[in-house]
Amino acid sequence: MDHEVLIANTLMKIHKNVKSVLAKNSIRYGELRLRSYRLISGDSNTEIIHRESGCSFKLDPQVTYFSTRESSERERICKQIRDKENVLVLFSGVGPFPICIAKHNISTSCYGIELNCRAHLYCVENIKLNKLQNRVTAIQGDVREICPTLNKQFDRVFIGTVLRPHDRIDTQFGEIHFPAQYLLYALMLLRRKPMFGNKFGSNGRILHDYLLQKVEYIGYRHACQSK
């Protein structure tokens, strides 16, 4: 028995809730932000239920994008949301951001747009799992096609992880790297235009962006750091 199988079996023996151990075979790739995995030991069915911040998420890491390392960021953002906000999440995956936001802000309504059909189906299931059918809406499709057809405006817009930040916008805060087209959609859907400055008033609205170059803000405040 090789070392990785021995380690995997030991992990499953110690942690009874662990049924499979996978090894990463690649970095994330493609529009769906997937990663290739190799099963070291355990059940080939890699569907799991992940729990965080009082929410439950069913998913399969082999067919959907999901990062547990973003959980603290989700908690931090939830604390910033005001009651009665309408929130849009682009590239919403299995629904962690819209579900966490709605779960912890009882007057907030959230919409999520996701291209990956499997991730979208998980999102729909997770909305039911967390009993948020009346406040979270999952939309399957390409952001570039869905956004122009949304007859709705939002108080806050999140742009999820995009793997190929090939475009660049220069602002007074520095360079913002991501497909600029998505920013234009987000700006179009904000209820009021975000304020580009160090100060903000009660009418400001927020655009959040989480990318390889991590940019948080284009509304209230800006922080840019490498992931």
Next on the checklist: Among the residues that make up the range 15-27, is at least one of them in contact with a Cys (Cβ under 9 Å, 6 or more places away or on another chain) and either surrounded by 12 or more Cβ atoms within 10 Å (Cβ to Cβ) or under 26 Å from Arg144 (Cβ atoms) (or both)?
Outcome noted: no
Next on the checklist: If I filter the range 70-91 for residues that are surrounded by 15 or more Cβ atoms within 10 Å (Cβ to Cβ), closer than 22 Å to Lys131 by Cα and small (Gly, Ala, Ser), do I get at least one hit?
Outcome noted: yes
Next on the checklist: For the structure I just gave you, tell me whether Ile81 is in the same structural domain as Gln153 (by TED's automatic domain parsing) and within 19 Å of Ile159 (Cβ to Cβ).
Outcome noted: yes
Item to check | From the options Glu125, Glu114, residue that is in contact with a His (Cβ under 9 Å, 6 or more places away or on another chain), crowded, with 16+ Cβ neighbours inside 10 Å and in the same structural domain as Ser56 (by TED's automatic domain parsing) | outcome: Glu114
Item to check | Odd one out for Asn134, checked against (1) surrounded by fewer than 17 Cβ atoms within 10 Å (Cβ to Cβ); (2) under 16 Å from the mean Cα position of the chain (by Cα) | outcome: (2)
Next on the checklist: Step by step: first the residues of the range 92-108, then only those that are farther than 19 Å from Glu31 by Cα and in contact with an Asp or Glu (Cβ under 8 Å, 6 or more places away or on another chain), then the one that is surrounded by the fewest Cβ atoms within 10 Å (Cβ to Cβ). Which residue is that?
Outcome noted: Ile106
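The values are calculated or read from the model by the stated rules, or taken from the named source; none is laboratory data. Here the structure is a predicted model, which is why all the values come from computation and not from measurement. Using ideal geometry, Cβ is built from the backbone for each residue, glycine included, and neighbour counts are taken over all protein chains shown.
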